[in-house]
1. So between Glu275 and Asp161, what do we pick up on full extension, going 0.36 nm a residue minus the alpha carbon distance?
2. Evaluate the distance, in nm, between pseudo-label points positioned 7 Å from the Cα of Lys154 and of Ile407 along their respective Cα→Cβ axes.
3. Would you work out which of Ser124, Ser98, Leu157 lies farthest towards the positive end of the dipole of the stretch 83-199, given +1 charges on the beta-carbon of Lys and Arg and -1 on that of Asp and Glu, about the Cα centre?
4. Per-residue counts of other Cβ atoms within 10 Å, averaged by peptide: what ranking do you get for 201-208, 172-179, 272-279, highest first?
5. If I model a spin label as a point 7 Å beyond the Cα along the Cα-Cβ vector, how far apart are those points for Thr205 and Glu172 in nm?
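Every number here is computed from the coordinates shown, using simple stated rules; none is lab data. Everything quoted here is computed from the prediction, not taken from an experiment. Note that each Cβ is placed from the backbone with ideal geometry, even for glycine, and that neighbours are counted across all protein chains shown.
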Amino acid sequence: MKIKDNKSKYYAKISLGVMGGGFLATFPFQDSIAGQVLQGGFEAGLVGGLADWFAVTALFRHPLGLPIPHTALLPKNRDRMLKAIINMLENDWLTKESIQNKIKDMNIADKAVHELEQRLESPSFHKGVQSLVIHLINEIDPEKLTPVLEKELKDHLHGVDIKPVLDKMVNEVLKRELDAKALDYVLVETEKWLKKEDTKNKIGTLAKQLLDNTKADGFMKMAIQSFSQMINAEKLGNMLQPFFLKRIVLLQEPNNPYRKAVLDKIHNEIKNVNERSELLAELGEWKNTIVAEWNPTDQLSSLLVKTKVKFIQLAEDEEWIKRHIITMIKNQIQALKEDSIKMMKIEGWIQNQLSLMVEKYHAKIGQLVKENLEKLDNETLINIIENNVGKDLQWIRVNGAICGFLIGIVLTTFKMVV
């Protein structure tokens, strides 16, 4: 740009030099008609060139440094010029309405989605996503997150209704026949206990105490006393142990009617457990007490730390990022493109936000331009203007010299003819 400006200044100086040199060179030829005509042209060209040089220079500075009135117009009218520029920007070129209308013509959501879609296969985009994922994972602080997670977990458990849980447990017990298995376990363990010699002695002792302490009247009392005198604890144990063992064995048989009756009773009790409000209330209180006393802080913190390390290791694998994160982004973009209603909502939101920003910050456009222009001193501002429009101004000087030369020839010729 500077080279072009220098050339234009060079041409202006040459034109002025040519006119001045031509004017001096034609003095010896004033006696001839051609010499007079040329001298008149060069004289007029010199005057025109000097006049235009004065006019152009006067726009920016005092010609020859002399404080001539009505010169250095730009420095003197700097404030007026800045106000005019700002006013033109705010009220003519960059009005709120023009900016907002231009924004409305832009389908920003579609362009943003298209641009994102184009970048999905870019290695640099993959690297950026990977860095972002790792950064977000590193930002997780297990010590700060643990209390929040613990509170949410306890609040959730406190709010769990025990009745649906109990229903599922009952259905699971009946489905897996856990009641029958529990009964068999109890019968087997009872059988083992009854076979012990010590158990037989205890049964005999308890039975003897029962006979001795049984209260009755009349014949029954006499019969019980007679029987108690005839038998001792050892005999009673020998009698009762085989009896109980036989009944236990019979209850273990699948088709035994007594076993079926016991299981039917257990089934009915299990099925109707949710109708026992007192039991449900007690179970609920028991559940809340356990949850309140539960302190999972260390376990949750340890779990979060291990999970964080695991996810960082996964995120450091580029293939994992492509397979999961990039694929997820692709699927979301595709779903978004196919959902015209959602795209319209996003576009509307973007347009609304941009309009609000224009409404809020429009006045700052002029203020920003003013602040930037005020940072420039007069000399810098003049140089900027000259660098941008100086070429045309210098050609005014060239054109002035040429036009003056031609007009001078015409006027000199006219004077000689008249």
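1. 39.6 nm
2. Label at Lys154, label at Ile407, 9.8 nm between them.
3. Of the options given, the answer is Ser98.
4. Put in order of decreasing packing, that is 201-208, 172-179, 272-279.
5. Placing both labels 7 Å beyond Cα along the Cβ direction yields 4.2 nm.
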